[in-house]
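Enquirer: Dropping a structure here in structure tokens format, bear with me for questions.
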Amino acid sequence: ACAAPGGKTTTLALRHPDAVLRALEVHPKRAARLRQTLEQRGVEAQVIQVDAAEWLEQTEDAFDLILLDAPCTGSGTLQKHPEWPWLAHDELERLSSLQHRLLLAAAERLAPGGLLIYAVCSWLPEEGADHRDWLAQARPDLRPAAVWPAARGVAGEGDDFITAFFRPHPLRWEGEGFQAFALTRA
């Protein structure tokens, strides 16, 4: 969900070559870019230009894996956008509300035993950790799914630790800032 420009869809296709992939993207230009990226990489996926929350709320299908790359403030993109701290950020409330809606819709469509991965390119807890805590209260049928090695940058954990919440340490992580969590449905 929120699949453009196509890097994560490509990764899913490579990791799960027999999977039937549906890539949802609401913006027409981004959906076109997604189609182009997938075609260039030889990835077969059904690209659906639609509001992901609306589509997930209306479909009857259940999915074994949902990767939700939610729209966010982009606070983790400081390397590419050093002007970010000086921009007006009056979108946080709207984006947080949209993220809640997307998460609930995705949780409803997750098959038993399925995996939901939520990711944002933001350091802000309102766009990551707070949603994880809120969803744990709202959907007790979802459980954390440890899928990431802590050695990839999670602060304060040993190298052998596997975590369900991935937020790289900003002083040890060389890439852009982001956070993600993984949940499975009982």
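Enquirer: Which residue, chosen from 48, 111, 70, occupies the Cα position most advanced towards the positive end of the dipole of the chain, where the dipole is computed from +1 (Lys, Arg) and -1 (Asp, Glu) charges on Cβ about the Cα centre?
Expert: Checking the options against the dipole of the chain, the answer is 48.
Enquirer: If you don't mind, another one. What whole-number value in Å² describes the accessible area per residue of segment 1-122 for a 1.4 Å probe?
Expert: With all protein chains present, segment 1-122 gives 57 Å² per residue.
Enquirer: For segment 1-144, with all protein chains present and a 1.4 Å probe, just round the carbon and sulfur fraction of the accessible area to a whole percent.
Expert: Percent of accessible area from carbon and sulfur atoms in segment 1-144: 52.
Enquirer: At q = 0.23 Å⁻¹, what is the log10 ratio I(q)/I(0) for segment 1-80, with the Debye formula run over Cα points and no solvent?
Expert: Rounded to two decimals, the profile gives -1.14.
The values are calculated or read from the model by the stated rules, or taken from the named source; none is laboratory data. Here the structure is a predicted model, which is why all the values come from computation and not from measurement. Note: ideal-geometry Cβ built from the backbone for every residue, glycine included; neighbour counts use all protein chains shown. We work out accessible area using only protein heavy atoms, side chains counted, and drop any ligands, DNA or RNA first. Shrake-Rupley method; radii C 1.70, N 1.55, O 1.52, S 1.80 Å.
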